[in-house]
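Below: the structure, in structure tokens.
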Amino acid sequence: MSTIRPEPLSAAHLEGVRALVADPEVLRFTRVPEPVPAGFPERWLDRYEEGRRDGSREAYAIEDASTTEFLGLALVPTIDRDGRTAELGYLVAPAARGRGVASEALRLLSDWAISELDAQRLELMISVENAASKRVAERCGYEREGVLRSIHLKEGVREDMEIWSRLAVDG
């Protein structure tokens, strides 16, 4: 039985998103701009809602299955329907870290992408310095393919990123 439940990201989750984008670890390892612009959580939500409508991206709030507490986000920032590929991501609230939330969320999101999107290839972009995220990827059956050097992560930030993948045929 799952201890988490994914819920389509909505305005009901904005308080949790605001707290996430204020977290130094989230700012360090994600594309969230620094400093976080005023209104960013609302614009982020709008982009994901638009992507849900046009099929180009998706986002879920990760909630505790019994309490509905906001634990983080499970994201699909890029859906390539023609190429049957999706980039996935996950952000976990500080209080929920170390409890397997990211691994469970990535497993659910991966299964969803393969069954609902008919994705054949799933990708994760992980900072070479993000050891915790790399452990999550490995636990969920992703394979490290290599390092993309000096990727433009966000304004003023270039970073070496590892690309990890899982194929639908991997099981």
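Restricting the search to strands (runs of 3 or more DSSP E) fully inside segment 68-132 and requiring at least 1 residues that are among the basic types (Lys, Arg) gives 121-127. For segment 16-34, a tally of residues being hydrophobic (A, V, I, L, M, F, W, C) and farther than 14 Å from Asn130 by Cα returns 6.
When you scan segment 47-55, do you find a residue that is part of a loop (DSSP other than H, G, I, E, B), more than 17 Å from the chain's Cα centre (by Cα) and surrounded by fewer than 19 Cβ atoms within 10 Å (Cβ to Cβ), even just one?
No: zero hits.
Looking across Ser115, Ser110, one residue alone is at pLDDT 95 or above, surrounded by fewer than 14 Cβ atoms within 10 Å (Cβ to Cβ), among the hydroxyl-bearing types (Ser, Thr, Tyr) and within 21 Å of Arg81 (Cβ to Cβ). It is Ser115. Note on segment 56-103: residues that are on the phi > 0 side of the Ramachandran plot and either over 14 Å from the mean Cα position of the chain (by Cα) or at pLDDT below 95 (or both) total 4. Name every residue in segment 140-161 that is assigned to a strand (DSSP E or B) and either closer than 17 Å to Thr85 by Cα or touching a Phe, Trp or Tyr at 6+ places or on another chain (Cβ under 6 Å) (or both), in order of residue number. Correct list: Glu143, Arg144, Glu145.
Could you count how many residues in segment 1-11 are assigned to a helix (DSSP H, G or I) and surrounded by 13 or more Cβ atoms within 10 Å (Cβ to Cβ)? Number of matching residues: 0.
Can you tell which of Val32, Val26 is β-branched (Val, Ile, Thr), within 26 Å of Met161 (Cβ to Cβ), assigned to a loop (DSSP other than H, G, I, E, B) and touching a residue at least 24 places away in the same chain (Cβ under 8 Å)? Result of the check over Val32, Val26: Val32. Screening Ser165 with (1) small (Gly, Ala, Ser); (2) surrounded by 13 or more Cβ atoms within 10 Å (Cβ to Cβ); (3) not in a strand (DSSP E or B) gives one miss only, at (3).
The values are calculated or read from the model by the stated rules, or taken from the named source; none is laboratory data. Keep in mind that this is a model prediction, so the values were computed, not measured. Note that each Cβ is placed from the backbone with ideal geometry, even for glycine, and that neighbours are counted across all protein chains shown.
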